[in-house]
Each structure stands twice: as C-alpha cells, then as structure tokens.
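The values are calculated or read from the model by the stated rules, or taken from the named source; none is laboratory data. This structure is a prediction, so every number in the text was calculated from the model and none was measured. Cβ coordinates were reconstructed from backbone atoms using ideal geometry, including for glycine residues, and neighbour counts include every protein chain displayed. Side chains included, ligands, DNA and RNA excluded: accessible areas come from the protein's heavy atoms. Shrake-Rupley method; radii C 1.70, N 1.55, O 1.52, S 1.80 Å.
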Amino acid sequence: MVRLSKDKLKGGSESKKKQGSDIDTNTIQNPNEELEKFSLQVLKSMANGGVPSTPSNFQVYFEKLLESKPITFKKRIKEYLNDDEMDADEYRAKLEKEIKKGFIQVKEIVRVVSTIYKNLNIMKKIFKRRGDELKSNSSQLSIDSTLGKLNDDIEKLTLLTQRQMNTLKEHYSKTVDILKNVEDKAIFDSKYSVYNKKYFLYALEKELDAIKLYNHKSTVVLVKVKDKVLDKMVTTKEREALRRNIAKLLMKTSRRSDTVAHYDSGIFAVLMRHTDLDSAKKASDRIAELIYGTSFFIGEMEVEMDIELGIVPIDAKHNTEEIVVAALDVLPKTGKDKDIYLVGEFDGRSV
C-alpha cells in the first residue's frame, strides 16, 4: 500500500504547476520528488476516469500506470517503495501459514506423549513378567515385599501419566476446535501459496458491488493445466508439484492489486481489478508466453506444457457464479494448438 503525506502532496502540486505533470523517466531525480510526481499522475488518471481516490483504487492505478513506464523507471519506483509493507490480507495469509505449522507441532507433541504412555504400559508388563519369574526362584517373603512396593510405584506412575494424558487431550481438543474455527475463516491455500476459493468469491463479490457503484471495468481470468498433461504424471505428488509451479508463475506475472487464487480442482483464478477486456487479453498473452516459455521437469522427465485460459469481463448484470461459469465453459476449448484463450459468454451471447 502506498501512502502520501499532505506535505508531499502539497510539494508535488507546486512542482506540477511549475514543471507540468509528466515525469522525465530518463533522468534520475530525487527519489522523493520522483515518487511524488508519479503519485500525482496516478491521482490525475483516477480523476480523469471518474474513479474514487480510495486506497485500494490508488494501488490499482499506481501499478497500472507504472506498467506503461520504461523498465529503468519502474525499477527505481519499486526500489522507493517499502517491500516490507503488506496489507491486512497478506498479513493474515502469513499468519494462517504459521498457525498451520503450529497445528502440526501440537499433533507431534501428542504423538510423542502417546508413545511414552504406551512404553510405560509395556514396562508394567515387563515388570510383572520378571516378578513372576522371581517368585519361583527366590525367598517368598522378600519377593512379595519387593513386588508389592514395585507394583505400588508403577500404579502411581501409571495413574499420574493417565491424568497428564487426560489433561493434555483436553487442551489438544480445545486447540483443534480453535484451529478448525480459524481454518473455516481461512483465506489462504497453503498448498499453492495463493488465496483460496472462498476468498476469491468474496473478492469477486466485492468487486462486483464496486462496479455497480462506480461503473469501471474489471476482468476474471481462469487458468488450468490440461488433463492430458496431468495424466502423464505417475503420482499425485508430481501433479501437485506441476500445479504449484503454475501458481508461482501466475504470482510472478500478476500485479499486487490482482487476486490470484486456487478456485477448485487445479483451476487457478486471477481477479484483475480496473482491467478492461483488451488489457486482460494482453495479460493472458503474457501468462501464456511465460508458462510456455518455461521448462518444466518432473524428475528427469521434461513436461510438454499445455494450458487452458478463459477470460470473462465482470458484468454487473450477472452474479459471481454466472461470471465464473462463463469462464469455466470456454476452458476446454483453449490450448496450445487451439485458441490460446477465449472470452466467456452469458446465455450463449458473447460478452
């Protein structure tokens, strides 16, 4: 998220009056001045498009305008930004990953303690067996006394261990309930390191509401590895590894304002805010170019990649389910040897 102070806005405005709103992207300027001028261009672009100057809209237009600038300028601007800054959703996603790690640790602790308890029971049986052997070979009086004390000690230890186990199980049960509650509200798909279906549908619904209110353009793109490619994989682990690589490439080619998610069954979705159909087509070309230009290996075997790409503009007249279905319907009709991508239709009518 980019934040502008009032002083910086004021300074940028004065500079704009003197020098104009365009930035000389070939000249390295003072970092603050360069960022201020560019930020003012973003605000001007939003105003010209009638887009409200909300923080999320500013971020979208900031990245959108930055894409049109030379590479050297883009690199300088990105260096000015604080890479450690994250929005609430990114922070929450990282937090959920840590919680899942904690869950694994809790289960491991219970497993170890359970093993110790089993070992204690085995020790009890061993002592009993050895005691039976001693009874037949030693003085009865001394053996009875020793075994009585030994049995009392073992019983006390077993009773104490059982109480500890019951307490631990109680805490574990509560922890499981808490973590399941967190998981129900999760927005992150830890398998692919992108957002999950629930969050994608939530983000799509919010974007649909914004479009109804402000009438801007946004688009959804779906990406899927073709089944014929996955069928060549011997194990589920190999198929998941291939899909994870696709997810990484989608994250690499997307903007920070885009929402990249695992929709379902290996289908990835990208919500491109403030992106019209033409821009989405160009973005889909970039996605296809990046994926087809990447070499994929499963063990020693190189995978001949083939993907499906479906695009659908977000239409305020339709709900989230209809929008997603429109993109899903065209997926099987696309591929390396077919159309690289197709635009979805509503009710048999091209959008």
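Quick rundown of the values:
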quantity	calculated
Selection from the stretch 327-339 of residues that are open to solvent by 60 Å² or more (accessible area, probe 1.4 Å) and closer than 13 Å to Ile311 by Cβ	Asp329, Lys333, Asp339
Residue match in the stretch 318-341 (condition: in contact (Cβ under 8 Å) with a residue 60 or more places away in the chain, of a type outside the set (Phe, Trp, Tyr) and touching a Ser or Thr at 6+ places or on another chain (Cβ under 9 Å))	no
Test: Lys224 is basic (Lys, Arg) and more than 25 Å from Ile267 (Cβ to Cβ)	no
Selection within the stretch 239-267 - part of a loop (DSSP other than H, G, I, E, B) and farther than 17 Å from Thr294 by Cβ	Arg255, Arg256, Ser257, Asp258, Ser265, Gly266
Looking only at the stretch 181-226, and only at residues there that are touching a Pro at 6+ places or on another chain (Cβ under 7 Å) and open to solvent by 70 Å² or more (accessible area, probe 1.4 Å), the one that is modelled with the highest pLDDT	Lys217
Index of the failed condition, Gly310 passing every other in (1) of a type outside the set (A, V, I, L, M); (2) part of a strand (DSSP E or B); (3) touching a Leu at 6+ places or on another chain (Cβ under 6 Å); (4) farther than 23 Å from Lys198 by Cβ	(4)
Residue among Leu147, Leu134, Leu141, Leu95 that is modelled with pLDDT under 75 and loosely packed, with under 10 Cβ neighbours inside 10 Å	Leu141
Test: Thr158 is among the polar types (S, T, N, Q), under 32 Å from the mean Cα position of the chain (by Cα), at pLDDT 75 or above and surrounded by 13 or more Cβ atoms within 10 Å (Cβ to Cβ)	no
Criterion violated by Ser350 - all others in (1) hydroxyl-bearing (Ser, Thr, Tyr); (2) farther than 11 Å from Val221 by Cα; (3) at pLDDT 95 or above; (4) in contact with a strand residue (DSSP E or B) (Cβ under 7 Å, 6 or more places away or on another chain) satisfied	(3)
Counted residues, the stretch 176-227 - those being within 13 Å of the chain's Cα centre (by Cα) and of a type in the set (Lys, Arg)	3
Some residue of the stretch 96-111 being farther than 30 Å from Asn196 by Cβ and part of a helix (DSSP H, G or I)	no
Residues satisfying the stated conditions in the stretch 268-291, i.e. open to solvent by less than 40 Å² (accessible area, probe 1.4 Å) and not in a helix (DSSP H, G or I)	Phe268, Ala269, Val270, Leu271, Met272, His274, Thr275
One residue from Glu108, Glu79, Glu85 being modelled with pLDDT of 75 or more, farther than 20 Å from Lys185 by Cα and acidic (Asp, Glu)	Glu108
